[in-house]
Amino acid sequence: MAEHRTPPPDEVGQTHPQRPGQAEGRIGRQARQSREQTREKILAAAHRLFYWEGIRATGIDRVAAEAGVAPVTLYRSFATKDELVEAYVDLNATGYRQWLTDATRPEVGSARERILAMFDALAQQVQPENCRGCPFLMTLAEFADPSHPARQRAIEIKDWVRAHIRSLAHDLAKEQPIDDPDTVADQLVLVFEGVYASVQALGVEGPTSRARSAAESLMTAATRAG
């Protein structure tokens, strides 16, 4: 997946964007900006709207208004809405990779501690004030055509998440006797991804609240099996 840009300042350090209308400087005419600055402002607006209100539910005129630019200006940066959607998914993927990598960095401790830290970070991420759901799962739900670039981008980041957790499981196998770290990894992926599905319907006090203990039980059971 191409990562051709740095997230704009109002998105840095945030896994999910602010709600529409919360970013500064959208309304009124702005000082002359470079093409890249204009592109970033449009993408930041799309990020907020597509995430909180839905991709198909949000028209180009709505994005332009949120960004404080004319539609013709938007089309100079993004020739089509599909192109803007692709950039939106890529922006989410860049931030998500950074978030998950930081949450599980080696400095956190052992592989077991890093895996549990991942679930701690997830519990914070899915709080209702921060999260409407997984942006990639929502993209998959909106674009059923397997050839659509946005769907392909969303699948790519899910593949990356699985590979990252598999790497953590293999590190775990170096620290404790586990016969099949790939199976443990996929079990952890199911718990991890299941949080996004559960929290939307049952909230953070539902099964989501047990995700960390479920991961801990999986790792303990794998050690006993080993």
For this session: List every residue pair whose Cβ atoms lie under 6 Å apart, where the two residues are 6 or more positions apart in sequence or sit on different chains, the first residue falls within the range 198-223 and is assigned by TED's automatic domain parsing to the domain that holds HIS170 and in contact (Cβ under 8 Å) with a residue 60 or more places away in the chain, and the second residue, located anywhere, is surrounded by 13 or more Cβ atoms within 10 Å (Cβ to Cβ) and among the aromatic types (Phe, Trp, Tyr).
Result: ALA211/PHE119; ARG212/PHE119; ALA215/PHE119
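Quick check: is even one residue across the range 205-220 in a loop (DSSP other than H, G, I, E, B) and over 24 Å from LEU91 (Cα atoms)?
yes
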Exercise. Which members of the range 109-119 meet the condition of being surrounded by fewer than 17 Cβ atoms within 10 Å (Cβ to Cβ) and at negative phi?
Worked result: SER110, GLU113
Exercise. In the range 48-94, which residues are assigned to a helix (DSSP H, G or I) and of a type in the set (Phe, Trp, Tyr)?
Worked result: PHE50, TYR51, TRP52, TYR75, TYR88
Problem set entry | Close pairs (7 angstrom Cβ cut-off, 6 or more residues apart or separate chains): closer than 14 Å to HIS47 by Cα in the range 61-74, at pLDDT 95 or above and assigned to a loop (DSSP other than H, G, I, E, B) anywhere | ALA64/ALA70
For this session: Kindly list, by first and then second residue, each pair from a residue in the range 120-133 that is in the same structural domain as ALA197 (by TED's automatic domain parsing) and among the β-branched types (Val, Ile, Thr) to a residue that is surrounded by 13 or more Cβ atoms within 10 Å (Cβ to Cβ) and in a loop (DSSP other than H, G, I, E, B), limited to pairs with Cβ atoms under 9 Å and residues at least 6 apart or on different chains.
Result: VAL126/GLY133; VAL126/CYS134; VAL126/VAL204
Exercise. Would it be correct to say that ASP61 is over 14 Å from the mean Cα position of the chain (by Cα), of a type outside the set (Lys, Arg) and under 22 Å from PRO20 (Cβ atoms)?
Worked result: yes
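The values are calculated or read from the model by the stated rules, or taken from the named source; none is laboratory data. Note that this is a predicted model, so its numbers are computed, not measured. Glycine also receives a Cβ, built like all others from the backbone with ideal geometry; neighbour counts cover every protein chain displayed.
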